[in-house]
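The numbers here are math on the coordinates, done by the rules we state, and not lab data. Keep in mind the model is a prediction, meaning the values are calculated, not measured. Don't worry about glycine lacking a Cβ; one is built from the backbone with ideal geometry, like all the others, and counts go over all protein chains shown.
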Amino acid sequence: MKSYINEFLGMEKPTDYYSGLLSDIEKLNKEHHFITTLNKDISYEKDGRLPFTVKANICVKGFETTAGSKMLRGYLPPFNATVVDKINASGRFSFLGETNMDEFGFGTFGLNTEVPARNAFDNDYVAGGSSSGAAVATAMLKYHVAIAESTGGSIATPAALNGVVGFTPTYGAVSRYGLIDYANSLDKIGVMARCAEDAKVAFDTIRGRDRYDTTCSVETIGNKKRKKLFVIKELMEKAEEPVKSAFERLLDRLGGNYEISEIDSKIMDKAIAPYYIIAMAEASTNLAKYDGYKYGFQNEDTNRKYNDFFTDARINFGAEAKRRIILGTFIRSESVKDKYYSKATQVRGMIIREMRSILEEGFIISPALPIATPKIENASKLTPTQNYAMDIFTVPPNLGGFPHITFPYEYHDGLPLGAQLVTGHANDYALFDFVSEWEELFEYRFRHNLGEI
Ligand code: GLN
């Protein structure tokens, strides 16, 4: 089974990989903007391990952690997130840097940040979001794993658009302690790697209980094999060409090993609205703490009028963050909360129940996105609702906390297309096995047309 981690560990002179690594990254970073904080001290002699990166919303002691926001510029966390402590304690990986992202995780294409990341295959195209930099780093760096985070598709989408494996675990399998929250009932820390085996190793390194996060309670992870693949008709109707035909070709190839059926869903294609209602309600609550006094942009001059003081701080949020604060605060207000928030949580429950019964029988498979990778100039013209609609495949498993994995399956005009596989709660290992099998079937070879480091 392909494993870049094992290849690295078996190398005679891993020092060769490290020589020039930092300067190569700095060169590539000028065009692709995937790293926001680089650990310039990393060296094989000192660390002797495989490099790992974290999404910029995961705290690393003493390293600037901004969550892609001007609001947190200069923030040096005084502690490590639990995942960072676990990965350091494993003795296998050393910290290389933090990766670019949509501000606080708000986005699908990686464009909602100060300097957007660009696709690893062609820098005129979007990297995908919100874990844009993590996916580009995984595509660019041969020996490396990325720790990323997903609320509604932020691992699946960028992984698909950069041709790497993106894994989002069962909600509660990995500690969120030290993650800069977007929406607590949805956030999951997961991983990206170039192959399923390496993603599994990285997941095993970071998962497990943590006394600092009481929601992290899923200890036992299973591996129930499934022979059935379900395609949701109502979701597939949203897929456009060339994704539609490419995905049909994928199903043809999987048909030999799996029983594939198209089924109806009453509710999964309605997931976007409840997801954004819940996500924005939680996000607006989480962002309230950035007041320029306790948290966020520090306003030294405290001898000012209340409104001026807070406005000066909160003006540092980007446009999408402001939109979500306004909408999220409205959604939570007394007069409309039953109309929106309560209804959204009911629909969420219906989606979970429906998916749970499907997933008892088999996997759900779909493309990761309904369209092929857009150019940056085209994606930036999309309206917010057009943007949100791009999450149609990734939002349902995220709303339900179901584990899912994205893997590359075809290339269109030189850019990768990714598929998404979902399984039931705490059955995460079955996903790695499926993708490893696919990698063999596909004679998977990581493709990169820009040269890699
Ligand atoms: N596109 C989704 C959003 O903007 C997902 C983001 C995420 O998973 N962090 O909310």
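Model label points for Met350 and Tyr306, set 7 angstrom from Cα along the Cα-to-Cβ axis, are 4.2 nm apart. Give the lysines reachable from Lys375 as a straight Cα distance under 21 Å; neighbours fewer than 8 places away on the same chain don't count. Leaving aside lysines fewer than 8 places away in the same chain, those within reach of Lys375 are Lys30, Lys238, Lys244. Model label sites at Glu12 and Thr214, defined 7 Å from Cα along the beta-carbon direction, differ in position by 5.7 nm. Stokes-Einstein, applied to the Kirkwood radius of segment 95-152 over Cα pairs at a viscosity of 1.306 mPa s and 10 °C, places its translational diffusion at 142 µm² s⁻¹. Within the same chain, lysines fewer than 8 places from Lys86 are excluded, and of the rest, those with a Cα less than 21 Å from its Cα are Lys46, Lys55, Lys61, Lys188, Lys200.
At 20 °C and 1.002 mPa s, grab the translational diffusion coefficient of segment 308-453 from Stokes-Einstein with a Kirkwood Rh over Cα pairs, rounded to a whole number in µm² per second. In µm²/s, the coefficient rounds to 114.
Taking GluC sites (Glu not before Pro) across segment 195-295, the ones in a DSSP loop with at most 13 further Cβ atoms lying within 10 angstrom of their Cβ are Glu219, Glu237, Glu240.
Radius of gyration over Kirkwood radius for the chain, both on Cα atoms: the Rg/Rh ratio is 0.95. Counting other Cβ atoms within 10 Å as a rough exposure proxy, the listed residues Phe434, Phe330 run Phe330, Phe434 from fewest neighbours to most.
For the pair Phe330 and Ser23, the difference between a 0.36 nm per residue extended length and the Cα-Cα distance amounts to 105.8 nm.
Per residue, the average separation of C-alpha pairs within less than 8 Å and at least 6 apart gives segment 268-321 a relative contact order of 26 percent.
Under 5 Å between amide hydrogens, built in the peptide plane, is the criterion, and for Tyr125 it picks out Asn119, Ile376 among residues at least 5 positions away or on other chains. What shape does segment 106-221 have by the C-alpha gyration tensor, where a ≥ b ≥ c are the square roots of the eigenvalues, rounded means a/c under 1.5, and otherwise prolate means a/b greater than b/c and oblate the rest? Since a/c reaches 1.5 but b/c is at least a/b, the shape of segment 106-221 is classed as oblate. Tell me what the chain gives for mean residue ellipticity at 222 nm when only DSSP H runs of n ≥ 4 count, each as -39,500 (n - 2.57), the sum divided by the residue total, rounded to 500 deg cm²/dmol. Calculated at 222 nm, the ellipticity per residue is -10000 deg cm²/dmol.
Per-residue packing, averaged as other Cβ atoms within 10 Å, sorts the ranges 42-54, 306-318 into the order 42-54, 306-318, beginning with the highest.
Rounded to the nearest whole Hz, the Karplus-based 3J(HN,Hα) values (6.51 cos²θ - 1.76 cosθ + 1.60, θ = phi - 60°) of segment 271-280 follow the sequence 6, 4, 4, x, 4, 5, 5, 5, 4, 6, with x at glycine and proline.
Expressed in units of 2.2 N^0.38 Å, where N is the residue count, the Cα radius of gyration of segment 36-161 is 0.99.
For the pair Phe79 and Asp41, a Förster radius of 22 Å applied to the C-beta separation gives a FRET efficiency near 0.70, rounded to the nearest 0.05. Couplings 3J(HN,Hα) for segment 352-360, derived from phi with the Karplus relation 6.51 cos²θ - 1.76 cosθ + 1.60 (θ = phi - 60°), are 4, 5, 5, 5, 4, 6, 5, 6, 5 Hz, where x marks Gly and Pro.
The Rg/Rh ratio of segment 354-428, with Rg taken over Cα atoms and Rh as the Kirkwood radius over Cα pairs, comes to 1.04. Assign one of three labels to segment 297-384, namely rounded, prolate or oblate, based on the Cα gyration tensor with a ≥ b ≥ c the square roots of its eigenvalues; rounded applies when a/c is under 1.5, prolate when it is not and a/b is larger than b/c, and oblate otherwise. Oblate shape, in that a/c is at least 1.5 and b/c is the bigger or equal ratio.
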